Amino acid sequence: MAVRTAYHEQLEATRLDVVRLGALVGDSIRVGVEALDNRDAAVAARVVAGDDVIDDLRRKVEAHCIELIWRQQPVAGELREIAAMLEIATDLERVGDYAVDISKNAIKLSDQPMRPHRVEIDRIASVAHGMLIDAMRAYTERDAQLASQVIARDDEVDKLYKRSIKLLQGEMQADPEIVRPGTRYLFVLASLERVGDRAVNIAWHTKDMIGEE
């Protein structure tokens, strides 16, 4: 009995680490985009430096998940939850990497006086970040309906991404002066689109954990 109690305590502690990882990653995306908007290289550099914390926490979650499987044969529901934690932690670490990519581009763009007028960085960032937050809330609350809503919202990110790419390429062709910064914004747009993809992954892992098709 004491062994099972300790097992469930570690399972809960690991779940809380996944939630904490989601919060850290969500903040990194938000702050990285703000640094880009404000041309604040110092803030962007802090996001880059903070990625080590995210990586360490992801490794901690992974190690604890493996230990949970090794220590005691988990029942079906527990095994689904452990598998979901492993997958979600990996997706969250990748989102942290996208935040680093955005922040590195923010540093390189901090001394650029111009920004393409019709690039919807803020709108895409808002939708993708919102999807990530809701995906983690769906995981925390075991809410399959919310997870499904996150999955459905990916179409909005894709549409915004494709439209912004087309508009940005048009602006770059019309004005050679923005080709260099415009290329950086292409990278930022790609990172944000992938944030949406990872949020969708998290939502699917949540549905699998709950047992929803």
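The values are calculated or read from the model by the stated rules, or taken from the named source; none is laboratory data. Just so we're clear, the structure is a prediction, and the values are computed from it rather than from any experiment. As a convention, Cβ positions derive from the backbone with ideal geometry for all residues, glycine included, and neighbour counts pool all protein chains shown.
Quick notes on this one:
- Flag if R30 is within 30 Å of E120 (Cβ to Cβ), more than 17 Å from the chain's Cα centre (by Cα) and surrounded by fewer than 20 Cβ atoms within 10 Å (Cβ to Cβ): no
- Residues in the stretch 109-130 that are assigned to a helix (DSSP H, G or I) and either at pLDDT 95 or above or closer than 29 Å to I151 by Cβ (or both): I121, D122, R123, I124, A125, S126, V127, A128, H129, G130.
- Cβ-Cβ under 8 Å pairs, at least 6 apart or on other chains, the stretch 131-145 side part of a helix (DSSP H, G or I), far side surrounded by fewer than 19 Cβ atoms within 10 Å (Cβ to Cβ) and of a type in the set (V, I, T): M136/V19; Y139/V19; T140/V19; A144/I210
- The lone exception for R153 - which of (1) within 25 Å of K104 (Cα to Cα); (2) in contact with a Gly (Cβ under 9 Å, 6 or more places away or on another chain); (3) touching a residue at least 12 places away in the same chain (Cβ under 8 Å) it fails: (1)
- Among helices (runs of 4 or more DSSP H) entirely within the stretch 1-98, having at least 2 residues that are of a type outside the set (G, A, S), in contact with an Asp or Glu (Cβ under 8 Å, 6 or more places away or on another chain) and touching a residue at least 40 places away in the same chain (Cβ under 8 Å) singles out 2-38, 51-71.
- If the condition is being among the hydrophobic types (A, V, I, L, M, F, W, C), loosely packed, with under 14 Cβ neighbours inside 10 Å and at pLDDT below 95, then the stretch 42-88 contributes I66, W70, V75, A76.
- If you go through the stretch 128-157 and keep only what is among the hydrophobic types (A, V, I, L, M, F, W, C) and surrounded by 21 or more Cβ atoms within 10 Å (Cβ to Cβ), you end up with A128, M131, L132, A135, M136, A138, A147, V150, V157.
- Matching residues in the stretch 55-100 - criterion: being among the small types (G, A, S) and closer than 30 Å to A42 by Cα: A89, G96, A99
- Members of the stretch 179-213 found to be β-branched (V, I, T), crowded, with 20+ Cβ neighbours inside 10 Å and more than 14 Å from the chain's Cα centre (by Cα), listed by number: T206
- From the list L79, L68, the lone residue that is over 12 Å from Q10 (Cβ atoms) and not β-branched (V, I, T) is L79.
- Figure legend. Inter-residue proximity from the stretch 176-202: first residues part of a helix (DSSP H, G or I), second residues of a type in the set (S, T, N, Q) and surrounded by fewer than 20 Cβ atoms within 10 Å (Cβ to Cβ), beta-carbon distance below 9 Å, spacing 6+ or different chains. Indicated pairs: I178/Q112; V179/Q173; R180/Q112; P181/Q112; G182/Q169; R184/Q112; L186/Q169; N201/T90.
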